[in-house]
Amino acid sequence: MSRRSARLKDKPVIDTGDNIDLSNVTEDSNNKDKDITSDDMVKAGTCGVGMDRQDQKSVLLLMFLYVLQGVPLGLAGSIPYLLSSRHVSYKDQAMFSFVFWPFSLKLLWAPIVDAVYIRRLGRRKSWLVPTQYLIGAFMILLSGHVTAMMGDDVEGAKVDIFMLTVVFFFLNFLAATQDIAVDGWALTMLSRENVGWASTCNSVGQTAGYFLGNILFLALESPVFCNTYLRSVPQEAGIVTFQNFMWFWGIIFFITTTLVLIFKSDKERQLGPAGEDEQPEQKLLEKIDPYAEQTVPEAYGTLWRICGLSSVRQLCLVLLTVKIGFAAADNVTVLKLIEYGIPRETLAVFSVPLIPIQIALPLLISRYTNGPKPLDVFIKAIPFRLIMGLWLMFMVVWAPMVIGTDGDIPPYYYLTLLGSYALHQIALYSMYVAQMSFFAQVSDPLIGGTYMTLLNTITNLGGNWPGTIALWFVDGLTWKTCEGGQGSCGSPELVELCKTTGGSCVTTLDGFYLESVICFMFGFGWLYMRGKHTIKLQELPASSWSCQRYFPV
């Protein structure tokens with residue numbers, strides 16, 4: 001699922017992050033040269049041929065449910081842009097970054113969502129309906145207070161960063177819970193031959209929702225963008241406001257959830273062709289997928305046993321530490337560009353030309369990650385991504401030098417910045433596709449869903465905690481001096497003293513630059529210390545990753 005915030009973090013489409021289905025990216029070495037026919041594609045659900053009307057309706061519904069899920073994620077991702085233009089501290093940005101954590105922690109309550117439900121309402125609707133009603137109610141309620149929280153209701157008011165963090169954390173918690181319910185429903189809503197469309201609905205729907213809640217919102221909220229491209233007579237405000245945008249989507253959540261509650265059944269589709277006896281296969285699936293019908297304690301026990309494997313612990317150590325070297329570049333770069341004068345709406349629109357690249361890269365890179373050694377690509381991409389981190393730091397240094405006195409930014413800077421983002425995406429996706437290929441390769445097929453979810457959760461957490469730390473220390477590592485007044489500008493009180501005595505604080509060393517160098521050095525140090533150990537993980541026998549002793553067939 002994603003993530004898609006104002007950061008360059010490892011969320012190729014939206015955080016949550018993992019919307020690209022690469023569970024079948026690896027192939028058996030004996031089948032590499034096997035030709036795939038169009039019939040095989042239809043059976044695998046990779047094309048629309050042969051899809052019955054019920055599945056077509058289900059695909060549209062799933063797509064829309066994922067769009068709804070992407071909207072609050074996109075709104076949360078737009079807040080750092082808005083905060084940066086209001087000159088909040090990077091410690092405040094670090095506090096707000098906690099709102100992106102629920103999608104990294106949802107495995108903690110996913111077994112409860114899967115196991116506890118009201119039988120009369122249905123396994124998935126028992127969670128989907130109340131969760132979406134809560135999201136709608138929360139957005140409508142929040143629309144009446146968001147102006148005050150952003151400090152826009154009274155001149156001179158400050159941003160209430162604590163309340164913003166609390167409300168958007170809860171909103172993303174609800175969105176993550178909805179994601180668990182929709183992911184599970186997709187597997188039973190579609191017939192077996194078309195279940196492969198579930199990941200497509202996830203990827204396309206979340207991307208579209210995030211686009212609406214982030215890129216489109218930031219563009220229409222910006223008076224500069226609206227006056228330049230959409231209006232003939234300039235006005236002081238954008239076409240939409242934060243308040244009415246949230247109110248509108250709150251109403252949409254209420255209407256669509258009511259329609260789903262009334263008209264969509266939570267009844268499972270048959271697993272095979274109509275008219276066949278499915279009971280033997282159903283029993284087999286229950287036997288080889290114990291997570292599907294486990295109680296809550298049994299589900300948590302399964303997760304604990306997976307974590308008890310030595311190989312999994314070693315892999316988790318890699319996943320939790322490898323992104324430290326990218327923390328400054330992935331989480332602070334965009335905010336620094338806004339701080340130094342690059343319009344936030346322009347940076348948001350930059351995501352549009354990158355979407356085709358994000359779609360094509362996994363297909364191209366998977367050609368090199370198929371096979372027994374996908375982690376070779378993972379390790380080889382690290383130095384390139386570290387170097388790109390330093391290059392992005394240079395783009396921040398360069399920004400104030402090219403901005404004209406009238407605020408105009410030359411086209412060559414934008415083209416260079418867009419090219420830099422594209423190169424960064426290559427490194428990011430090389431690591432992402434390689435790790436997903438390795439996850440699919442080592443996950444025990446008896447509990448593959450649980451196994452993959454656990455590894456993806458650890459991956460997302462490994463990107464979130466370094467990002468929060470990086471944002472937190474930017475201000476502390478920044479050196480400022482007071483020119484023309486008294487004070488050292490080392491704290492908000494001293495900054496105020498400097499201003500009241502007729503001076504101004506001047507930055508002598510931006511903490512982002514220091515962080516970038518530290519992350520760069522740490523990254524190569526990690527590569528030297530852990531690189532070979534990481535490569536050896538793919539040489540471990542399959543039995544090192546297996547939980548079969550816990551679930552005998």
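The values are calculated or read from the model by the stated rules, or taken from the named source; none is laboratory data. The structure presented is a predicted model; accordingly, all values stated were derived computationally and were not measured. So basically every Cβ, Gly included, is an ideal-geometry build from the backbone, and we count neighbours across all protein chains shown.
The table below gives the values:
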{"read-out": "Check on VAL352, surrounded by fewer than 22 Cβ atoms within 10 Å (Cβ to Cβ), part of a helix (DSSP H, G or I), among the hydrophobic types (A, V, I, L, M, F, W, C) and at pLDDT below 85", "value": "yes"}
{"read-out": "Test set (1) out of contact with any helix residue (DSSP H, G or I) (no Cβ under 7 Å at 6 or more places or on another chain); (2) assigned to a helix (DSSP H, G or I); (3) touching a residue at least 40 places away in the same chain (Cβ under 8 Å) - PHE394 fails condition number", "value": "(3)"}
{"read-out": "Residue within the stretch 407-422 that is closer than 23 Å to LYS323 by Cα and of a type in the set (Val, Ile, Thr) present", "value": "no"}
{"read-out": "Any hit, the stretch 81-96, residues being under 20 Å from the mean Cα position of the chain (by Cα) and among the basic types (Lys, Arg)", "value": "no"}
{"read-out": "Breaking point among (1) among the polar types (S, T, N, Q); (2) touching a strand residue (DSSP E or B) at 6+ places or on another chain (Cβ under 6 Å); (3) buried (at least 19 other Cβ atoms within 10 Å of the Cβ), for THR481", "value": "(3)"}
{"read-out": "Residue in the stretch 67-89 that is in a loop (DSSP other than H, G, I, E, B) and within 22 Å of GLY462 (Cα to Cα) present", "value": "no"}
{"read-out": "Residue match in the stretch 399-415 (condition: surrounded by 18 or more Cβ atoms within 10 Å (Cβ to Cβ), under 23 Å from the mean Cα position of the chain (by Cα), assigned to a helix (DSSP H, G or I) and on the phi < 0 side of the Ramachandran plot)", "value": "no"}
{"read-out": "Of all residues making up the stretch 95-125, the number that are surrounded by 15 or more Cβ atoms within 10 Å (Cβ to Cβ) and either without any contact (Cβ under 8 Å) to a residue 12 or more places away in the chain or in contact with a strand residue (DSSP E or B) (Cβ under 9 Å, 6 or more places away or on another chain) (or both)", "value": "4"}
{"read-out": "Inter-residue pairs, beta-carbon under 7 Å, first in the same structural domain as LEU455 (by TED's automatic domain parsing) and among the β-branched types (Val, Ile, Thr) and in the stretch 527-553, second surrounded by 11 or more Cβ atoms within 10 Å (Cβ to Cβ) and modelled with pLDDT under 90, 6+ apart", "value": "VAL553/LYS287; VAL553/ILE288"}
{"read-out": "Residue list for the stretch 465-496, restricted to those being at pLDDT 80 or above and among the aliphatic types (A, V, I, L, M)", "value": "ILE469, ALA470, LEU471, VAL474, LEU477"}
{"read-out": "Residue check for THR508: assigned to a helix (DSSP H, G or I) and polar (S, T, N, Q)", "value": "no"}
{"read-out": "Checking GLY341 against (1) touching a residue at least 40 places away in the same chain (Cβ under 8 Å); (2) surrounded by fewer than 16 Cβ atoms within 10 Å (Cβ to Cβ); (3) on the phi < 0 side of the Ramachandran plot; (4) not in a helix (DSSP H, G or I), the condition it does not meet", "value": "(3)"}
{"read-out": "Residues being touching a strand residue (DSSP E or B) at 6+ places or on another chain (Cβ under 6 Å) and closer than 17 Å to ASP376 by Cα - total across the stretch 501-543", "value": "0"}
{"read-out": "Yes/no for GLN243 being under 26 Å from GLY144 (Cα atoms) and surrounded by 14 or more Cβ atoms within 10 Å (Cβ to Cβ)", "value": "yes"}
{"read-out": "The stretch 500-526, residues that are at pLDDT below 85 and surrounded by 16 or more Cβ atoms within 10 Å (Cβ to Cβ)", "value": "GLY503, CYS505"}
{"read-out": "Residue in the stretch 124-133 that is within 29 Å of SER84 (Cβ to Cβ), in contact with a helix residue (DSSP H, G or I) (Cβ under 7 Å, 6 or more places away or on another chain) and modelled with pLDDT of 90 or more present", "value": "no"}
{"read-out": "Meets criteria (buried (at least 17 other Cβ atoms within 10 Å of the Cβ), in the same structural domain as VAL146 (by TED's automatic domain parsing) and not hydrophobic (A, V, I, L, M, F, W, C)) for SER222", "value": "yes"}
{"read-out": "Long-range neighbours under 6 Å by Cβ, at least six apart or interchain, first residue part of a helix (DSSP H, G or I) within the stretch 252-264, second among the polar types (S, T, N, Q)", "value": "PHE253/GLN132; THR257/GLN132"}
